[in-house]
Amino acid sequence: MLKSGKIDETSYEQLEELCGPTCGSCAFYGTANTMCCLTEALGMSLPGAALVPAVYADRLRLGEETGTAIVALVNSGLSAEKIMTYQSLENAVCVLMATGGSTNAVLHLSAVAAELDISAEAMMAMYDRLSQSTPQIAKVNPAAKYDMEDFYRAGGIPRVMREISALLNRECCTVTGKTVGQNIGDYKFKYPRDYRVISTIDKPFSEQKGLAILRGNLAPDTAVTKPAAIAIDMHVFTGKARVFDCEEIAEAAILNGSIKAGDVVVIRYEGPKGGPGMREMYKAMKYLYGMGLAKKTALITDGRFSGTNNGCFVGHISPEAAEGGPLAIVQDGDKITIDIPKGVLHLHLSDQEISARLAIWQRPEPKFKRGYLGFYSQLAGSAAKGAVIKPV
Amino acid sequence: MSCGSSRSQQLRKVNYQGDGLRSGMQWDDDDLGKMQILIDTVHGDSHPGSSHLDGLADEAKIGVYQAQGKPAVYAVTDICDGIAMAHDGMNYSLASREIMSFMFEIHALASPYDGSIFMSSCDKSVPAQLMTMMRLDMPALHVCGGSMLSGPHYMSSEVLYGAGDKYAQGELSEQELMYYSRNCCPSAGACQFIGTASTMQCMSEALGLALPGNALAAAYTTHLTRYARRAGRQIVENVKNSLVPRNFISSR
């Protein structure tokens, strides 16, 4: 906005001074806060721990109580693998859907599940199933104007879990030594309810899926999208591919006006191996918004998105282009359909044509050969499996 | 001081979020415009070789401020073979070097900084940091965490290698064992003998990556803390002169 002259230098500096008034994770419901909320839902942090603002005395008290709790856990022999189970992961996914959390949570929960030897397929099925059955009852920035402090005062995760308790595995063990059901019952709320931030299960903000898993000939091993952040008339979108082999080239094309209404911007070689490291196509999405194209174009990628992104986007496309996924053979002008209600990401080409193009596809040289990124780009696994590093 | 073309200042032109986020930890306009220096230590309550590095990092910060830079302290602590030994914790010892080295690289480049001070005392952390310094195309220098003071009669933790066995065989009383155990490590710092930790501190100095005389200086002495403060001033000079370890340490 500074660059386009919509605000002046003084207002910009004022914004900058005001936007980060304290320490703590970001003040919106992005991936950081989502992960704290899911940790609490998993039973791995004390009830209420996710959302107490960083500078409250209660945050320090919570630190102290956590110190006491870990000693009690050691004395009772209650270890984390008894708390983090398939059932408690279901609770976390329910809370993810009920709060409209970040798409990155899919990647991170799958990585946690991999440590428990729960398969990627089982997790994808879990996201699919629970996204359909869990209504969204909390709405926070970027989905609404309310911030994390409002979310905390409205009751935070204990309120969300009490509200959707019928959908949860209430017998799951937690770090308090009590079950999820007992924690929900015991929690003492400090502030009155605020239905603008956390509604009831009878009057959800939305019945539609918060996050959705897509499959199809362009994403044989799944892709992830966030219907909660996409205008309803964009839930089915067909357009012509505009293909870019990295984020920066795509951004330049958006900014110089060469992306038009009806285009599907394809940004590939940005997956775990290709990027490497699945960069977030944060700026590309914001530029589409800035150019007035957010409701007329779509963006699909094997990279990720920020929890703050809005607009028609599909990420985590697996297998990624650098692994020879079908994304690698898309050409400018190919027709692509995103159909969220049907859970489909489709490339309008015959199987023969896709195979023929894949047969002559050549894997590009890795972007980094030295250092950690050189190492990671060789060992990173598929986004559908949490992008964890694993032996070749 | 002008550092408009530096890595950190380039970042400010393409990512406006960075300034806003840093103002959440009290960086003001002056700070944001300065040369940005990473101080990456292996501080932690992990063992005495690293437990004092927070204070030493504070000294390095003062040095950076004195030279008109803006420091930021990061940490990845290391493990102690002396404590990991005698069980399968020891499998992690050498393996930890690589992952620490990667974390230092990530710290230096993900933000990114204009120059780095790395600070460590012990046998995996010093080589891990040297490896990172060789990998980075960035001015960097190493501050050795120095040595532990000796116990009575030059006693060191080494005495416990034999004493434990003798105690187990009944050749040493519990009282004698306790005397050794509670007196052999009277301060923080790397082990007092020239084991791998002290050797690696010497290698760092010999390579020209630590300031002359820094290796082995006793922890908590002003002799050591002065090196940290000087390192803070020196790194700012090295950034101005684009003195990159990769370039001045030859492969032949």
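The values are calculated or read from the model by the stated rules, or taken from the named source; none is laboratory data. What you are looking at is a predicted structure, and each value in this text was computed from that prediction instead of being measured. Quick reminder, even Gly has a Cβ in these numbers, built from the backbone with ideal geometry, and neighbours come from all protein chains shown.
Points worth noting:
- Evaluated against (1) within 30 Å of A:Gly371 (Cα to Cα); (2) touching a residue at least 60 places away in the same chain (Cβ under 8 Å); (3) of a type outside the set (Gly, Ala, Ser); (4) surrounded by 17 or more Cβ atoms within 10 Å (Cβ to Cβ), B:Arg97 falls short on exactly one condition, (2).
- Filtered by the rule that a residue be basic (Lys, Arg) and either part of a helix (DSSP H, G or I) or crowded, with 19+ Cβ neighbours inside 10 Å (or both), the stretch A:139-175 gives A:Lys139, A:Arg153, A:Arg159, A:Arg162.
- Any hit, the stretch A:325-343, residues being more than 14 Å from every other protein chain (Cβ to nearest Cβ), assigned to a loop (DSSP other than H, G, I, E, B), among the charged types (D, E, K, R) and closer than 18 Å to A:Asp263 by Cα: yes
- Among the candidates A:Gly292, A:Gly275, residue that is buried (at least 18 other Cβ atoms within 10 Å of the Cβ) and part of a loop (DSSP other than H, G, I, E, B): A:Gly275
- The numbered conditions (1) modelled with pLDDT of 95 or more; (2) assigned to a helix (DSSP H, G or I); (3) not acidic (Asp, Glu) are all true for B:Leu141 except (2).
- The set of residues in the stretch A:110-138 being touching a residue at least 40 places away in the same chain (Cβ under 8 Å), of a type in the set (A, V, I, L, M) and not in a helix (DSSP H, G or I) consists of A:Ile137, A:Ala138.
- Hey, B:Asp137 acidic (Asp, Glu), within 14 Å of chain A (Cβ to nearest Cβ) and in contact (Cβ under 8 Å) with a residue 40 or more places away in the chain or not: yes
- The set of residues from the stretch A:146-200 being touching a helix residue (DSSP H, G or I) at 6+ places or on another chain (Cβ under 9 Å) and among the polar types (S, T, N, Q) comprises A:Ser165, A:Asn169, A:Thr174, A:Thr176, A:Asn183, A:Ser199, A:Thr200.
- Any chance A:Arg370 is touching a residue at least 40 places away in the same chain (Cβ under 8 Å) and either in contact with an Asp or Glu (Cβ under 9 Å, 6 or more places away or on another chain) or within 14 Å of chain B (Cβ to nearest Cβ) (or both): no
The rows are residues; the columns are (1) polar (S, T, N, Q); (2) more than 23 Å from A:Ala166 (Cα to Cα).
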site	(1), (2)
A:Met35	no, no
A:Val55	no, yes
A:Ala72	no, yes
A:Asn75	yes, yes
A:Asn91	yes, no
A:Ala98	no, no
A:Val112	no, yes
A:Leu116	no, yes
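- Matching residues, the stretch A:53-84, being of a type outside the set (Gly, Ala, Ser), in a loop (DSSP other than H, G, I, E, B) and out of contact with any helix residue (DSSP H, G or I) (no Cβ under 9 Å at 6 or more places or on another chain): A:Val55
Table: residues versus (1) more than 21 Å from A:Gly307 (Cβ to Cβ); (2) small (Gly, Ala, Ser); (3) part of a loop (DSSP other than H, G, I, E, B).
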| position | (1), (2), (3) |
| --- | --- |
| A:Gly177 | yes, yes, yes |
| A:Asn183 | yes, no, no |
| A:Thr200 | yes, no, yes |
| A:Thr238 | yes, no, no |
| A:Val243 | yes, no, no |
| A:Glu248 | yes, no, no |
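- Subset of the stretch A:373-392 [within 14 Å of another protein chain (Cβ to nearest Cβ) and under 23 Å from the mean Cα position of the chain (by Cα)]: A:Leu373, A:Tyr376, A:Ser377, A:Leu379, A:Ala380, A:Ile389
- Those helices (runs of 4 or more DSSP H) of the stretch B:12-74 in which at least 2 residues are under 16 Å from B:Arg233 (Cβ atoms) and more than 14 Å from every other protein chain (Cβ to nearest Cβ), considering only elements entirely within it, cover B:53-66.
- Within the stretch A:220-256, considering residues that are in contact with a Ser or Thr (Cβ under 6 Å, 6 or more places away or on another chain) and charged (D, E, K, R), the one surrounded by the fewest Cβ atoms within 10 Å (Cβ to Cβ): A:Asp221
- Tabulated pairs, the stretch B:191-210, first at positive phi, second in a loop (DSSP other than H, G, I, E, B), C-beta under 9 angstrom, 6+ apart or interchain: B:Gly208/B:Ile249
- Selection from the stretch B:98-132 of residues that are closer than 21 Å to B:Gly55 by Cβ and either part of a strand (DSSP E or B) or modelled with pLDDT under 95 (or both): B:Ser116, B:Ile117, B:Phe118, B:Met119, B:Ser120
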